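The values are calculated or read from the model by the stated rules, or taken from the named source; none is laboratory data. Worth saying up front: this structure is predicted, and the values here are computed from it rather than measured. Quick note on the areas: whole protein, heavy atoms, side chains included, nothing else; ligands and nucleic acids left out. Shrake-Rupley method; radii C 1.70, N 1.55, O 1.52, S 1.80 Å.
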Amino acid sequence: MWKHVPNILTFMRLGLTIIFLWMILYSPRVQATGRPFFLDVAFVLFVIAGLSDIVDGHIARRYNAATKFGRMIDPLVDKILVCGAFACFAVIGAPRLFTWGPTALAVVQWGVLAILVVREAYVTILRHLAEAHGVNFGAVAAGKIKMFLQSFAIGTVLIKTAHVQTAEWGHWFTIVTYLAMIVMTVVSGLQATKRTKAPQVAAA
């Protein structure tokens with residue numbers, strides 16, 4: 001019984017992700033009416049999705065319910081959630097920073113998305129190759145820190161957009177959060193490359 005629970009939670013998280021992304025895209029219409037609670041609800045859904053990820057991982061380890069399918073689909077859903085969120089932010093023009101014009105903001109919003117997508121696509125390819133050769137490519141510390149910072153950045157944008165759009169400290173907080181996230185995203189991607197090389201060296 002327990003071996004199916006992690007995958008069930010993963011598919012539930014996928015459903016929450018679809019609703020969450022729709023809420024981000026629809027939020028400008030609601031924000032225009034002066035109702036920031038809409039993004040607050042989206043934030044709650046995002047937190048629930050994140051907690052379900054923690055729970056399914058705990059169950060998989062405790063009951064030895066981890067499967068190859070789960071190791072492949074779980075990171076994929078995480079990527080849809082994270083990359084999808086930043087894609088939606090870019091579409092609606094969030095976050096807005098200082099008095100920057102549309103061009104500068106677009107460079108930040110779409111540039112960050114590009115970095116995340118390239119990193120995730122690259123690591124996904126590495127994961128598939130590693131799994132095909134029987135190499136365990138499960139989550140490691142760098143990847144977990146990266147995921148935390150990405151999730152924190154998503155929460156930051158949601159709260160900023162809903163409640164502190166023009167506050168000076170909100171702009172700086174978002175910038176610092178983005179920089180930390182980007183650095184860890186790149187570092188974890190480079191570490192993933194080393195992980196695929198290690199078995200080859202050992203075999204040699």
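Overview of values
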quantity	calculated
Percent accessible area from carbon and sulfur atoms, segment 79-192, protein chains only, probe 1.4 Å	76
From the C-alpha gyration tensor of segment 11-90, square roots of 5λ in Å	29, 13, 7
Equivalent ellipsoid, segment 85-128 (semi-axes from 5 times Cα gyration tensor eigenvalues, Å)	26, 9, 6
For segment 81-88, Karplus couplings with θ = phi - 60° (6.51, -1.76, 1.60), whole Hz, Gly/Pro x	5, 6, 5, x, 4, 5, 5, 5
Per-residue SASA entry for C88, accessible area with 1.4 Å probe, Å² rounded to 10	10
In order through segment 109-121: 3J(HN,Hα) via Karplus (6.51 cos²θ - 1.76 cosθ + 1.60), integer Hz, x for Gly, Pro	5, 7, x, 4, 4, 4, 4, 5, 5, 4, 5, 5, 5
